[in-house]
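Quick notes on the structure that follows.
The values are calculated or read from the model by the stated rules, or taken from the named source; none is laboratory data. Remember, predicted model here, so these are calculated numbers, not experimental data. All Cβ positions, even for glycine, are placed from backbone atoms using ideal geometry, and neighbour counts span all protein chains on display.
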Amino acid sequence: MTKPDSSLDSGAKRFYLTTPIYYVNARPHLGHAYSTIVCDAIARRKRALGIDTWFLTGTDEHGQKIERSAKLAGKTPLEFADVIAGEFRSLWDRLGIRYDDFIRTTEPRHVRGVQKLFATLRDKGYIYKSTYTGQYCVSDEAYVDGPPGTVCPTCGRMTETVSEENYFFKLSAFERKLLEFYEAHPEFMQPESTRREVISFVRGGLKDLSVSRTSFSWGIPVPGDEKHVVYVWLDALANYMTALGYGSDDPADKARFEKFWPADLHLIGKEISRFHCVYWPAFLMAAGIPVPRSVRANGWLLFDDTKMSKSLGNIVRAETIDEVLGADALRYFLLREIPFGQDGSFTFDALVRRYNGDLANGYGNLVSRVVNMMHKYFGGVVPEAGAATEAEEALRATAERTLAEFGPAFDEFNFSEALKGLWALVAETDGYLTANAPWKKPAERSDADHVALQARVLATAAEAIRIITALVYPILPASAEKVWRQLGLGEIDEAGKQAFLMNLQWGGLKAGTRFGEPAPLFPRAEKDAMERMQNLENENSASAVDAAAGTKIDAAARNKNVDPQQAPASPSVDPTTAKDTATAHANDALTPTTVVPQDAARPVATAQVHPVPAEIASARLSSTPATAPAGAPLTPDAATAEQTAPPAEEKHFITIDDFAKVDLRVAQILVAERIPKADKLLRLEVDLGYEKRQILAGIAQYYEPEKLIGRKIVIVANLAPRKMRGLESNGMLLAASLPNNAESTPVLAGFLEDVPLGARLK
Ligand code: MSP
């Protein structure tokens, strides 16, 4: 018998769990789906164990980042948020996410609760007014220590300097209290890496935290001082309480809050652990409210070895996988493939392999064999199994071991191990079936003996399938529902409501049960499945519609704050260059788009300068070597090759539309500095007039940094960001490449006339 146990079990008969609330500046992608799917699986298992469960998700709709995104789309922030919040909800429906509540931080119930929390903190003397001057990362909505020009340590983007009179929270007063709390509650934050990181952050000393902003208005007004809006993280974190009813006088809300607070589990991405494990408990301690029981961080879903993220242009949409393989395939893949807590790479290839191997050929095939034979040999009615032989005892023993091990592994967040164990039972049941071959009657076996064997084998295999299906239901809800019906057991959701996992044990499938009709579960994915998914992603990026604006936005214009009229005329994006043209630079807020990650670092600028006029054949305009893959040595091999005559393939002309895809802009260098331990690289901050950004360029051996400051240069502004030496490069400089022995010397392109910043070269 499985019982509610281990770390996911609060010991009580109720369980409250939450996902992070998602920013509405971009459409949902697999990275968002990951945490939500994990929470849904946990919630479904809890409910099926008879635990009164409350599962909350929602959207984080305030803040500077959303305000900017909305402005870019020509919408009010709320209109903008409405569209994206709707997309999250409909995606969750598609993926079988069964949440109990979806909170939007723009809802009155949330606004009221946040204001109450703020007022409580102020009344208790933990909030005071002062002036904040420092750096702020708009993308992460986080304050960053350091001088102007500091890059955000979380996302690598350039911070902005903020100087405002703000309200401050006395975070410094909680340093010791937090450390004592972590010590007393090792279960509070996991995995260990997160715990260590958070503890060392707090040990490093806590400074008071600015908890209001005045330089923009898209937020919740500070009660009694409405020119301030509440800092978006204080606003957002409070959702976990406001959704339950904190701040409401309604007795039903009060009762819900009483019943479910404190939360048992906040599931979060690892990069937001500081907010959840430091700020959040400190706010709650200050307000005199119990702190959550646990915060658990998941790793990142990577694509092309980089965190899947809209601003890096390497996202995959969950809808695509749902459309081709079904949502259950995605749910299974994410939980089986990635050891929870670690980063995991997503590839279509791995997805299809798992799908075919484990689902189509494994579980799906097993169910189909047994259901079909039950219909063929017993008219779809489960026969009496008769006396068990050694073979049945062995299968039963495996099933019972699986029953005993699955729950604890799952409840310890070892989803992958739990599923691996369960699939061993799938394989054993399959092997049992094959070994006993109920479809084959040897001549020496009497008819009666054969029917007895068929009955024993099919009833036993069907029972194993029942156990497997019950256990896998939280992960494969749609498929489990189909199988449950085929086993003649009715609606699995109903069984869930009856807490069927609580008393799950061998022997529950009764003789006389009438099977439902066979129905396909996981049709084998053929060769074209991967191609279809790739195409869907390509089409999506090619017709990238700004969901919030509801208008088609040119790929290049999507990237930055430019008039779409000035951007390349063609509305279609070559999927092979989609990443280059549709990738964000300065901050997330500016690019509501999705693109297919392919072909990350293409030497775009080089390709554009063609044909090469004879007089400059030996000094071609090329990109500075900042396009080398991250970590690669920046020796300009490509540039060297370019010194010779144009190779034959360059005779293939490009069209004017091809050229228009490259966004060449005038920029001015504001900051130039060497990068420790990278003797070829300079870190530049450049001003494009409409935004500032960081570019890394391999020119350190040829240019003194201080001599570059103030210089106007040409950059490729829509090149996919690359990380080098832990820093993000958002574009690339253009330079003539002069032969110089085995190497080449770059000479930066510039102008004789005065040109405005941001002017486009075409
Ligand atoms: N709005 C804040 C959270 C506030 S919670 C009070 C936020 N939003 S987010 O949309 O940027 O991210 C939401 C969650 O999605 C985070 O936990 C983040 O880690 C997760 N993911 C986004 N991209 C991801 C991957 N590529 N992989 C795994 N999770 C990722 O942060």
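Points to keep in mind about this one:
- Just one residue in the set Leu359, Leu366 is in contact with a Ser or Thr (Cβ under 7 Å, 6 or more places away or on another chain), assigned to a helix (DSSP H, G or I) and among the aliphatic types (A, V, I, L, M); that residue is Leu366.
- Verdict on Phe415 being aromatic (Phe, Trp, Tyr), outside the structural domain of Gly96 (by TED's automatic domain parsing) and either touching a Pro at 6+ places or on another chain (Cβ under 8 Å) or without any contact (Cβ under 8 Å) to a residue 60 or more places away in the chain (or both): no
- Selection status of Pro147, in the same structural domain as Gly288 (by TED's automatic domain parsing) and over 24 Å from Arg274 (Cβ atoms): no
- Total residues in the range 258-286, condition in a helix (DSSP H, G or I), away from the ligand (no atom under 13 Å from the Cβ) and surrounded by fewer than 19 Cβ atoms within 10 Å (Cβ to Cβ): 3
- Output for the range 378-412, where each listed residue is surrounded by 14 or more Cβ atoms within 10 Å (Cβ to Cβ) and among the basic types (Lys, Arg): Arg396
- For Leu301: the one exception among (1) without any contact (Cβ under 8 Å) to a residue 24 or more places away in the chain; (2) within 12 Å of the ligand (Cβ to nearest atom); (3) not aromatic (Phe, Trp, Tyr): (1)
- Within the range 13-118, strands (runs of 3 or more DSSP E) holding 2 or more residues that are more than 15 Å from the ligand (Cβ to nearest atom), in contact with a helix residue (DSSP H, G or I) (Cβ under 6 Å, 6 or more places away or on another chain) and modelled with pLDDT of 95 or more: 52-60
- Residue within the range 249-256 that is closer than 21 Å to Arg293 by Cα and in contact with a strand residue (DSSP E or B) (Cβ under 9 Å, 6 or more places away or on another chain) present: yes
- Check on Ile289, under 24 Å from the mean Cα position of the chain (by Cα) and of a type in the set (A, V, I, L, M, F, W, C): no
- Filter result for Lys65 (surrounded by 24 or more Cβ atoms within 10 Å (Cβ to Cβ), among the basic types (Lys, Arg) and in the same structural domain as Ser139 (by TED's automatic domain parsing)): yes
- Checking Asp343, Asp264, Asp328 one by one, the residue that is modelled with pLDDT of 95 or more and closer than 30 Å to Tyr126 by Cβ is Asp264 and no other.
- In the range 376-391, the residues that are assigned to a strand (DSSP E or B) reach residues that are modelled with pLDDT of 95 or more with C-beta atoms within less than 9 angstrom, at least six apart or across chains, in these pairs: Val381/Met374; Val381/Gly488; Val381/Ala511; Val381/Gly512; Val381/Thr513; Val381/Arg514; Val381/Phe515.
- Hey, Val162 part of a helix (DSSP H, G or I), under 21 Å from Val232 (Cβ atoms), among the β-branched types (Val, Ile, Thr) and in the same structural domain as Lys227 (by TED's automatic domain parsing) or not: no
- Residue in the range 307-319 that is within 13 Å of the ligand (Cβ to nearest atom), among the β-branched types (Val, Ile, Thr) and within 16 Å of Trp54 (Cα to Cα) present: no
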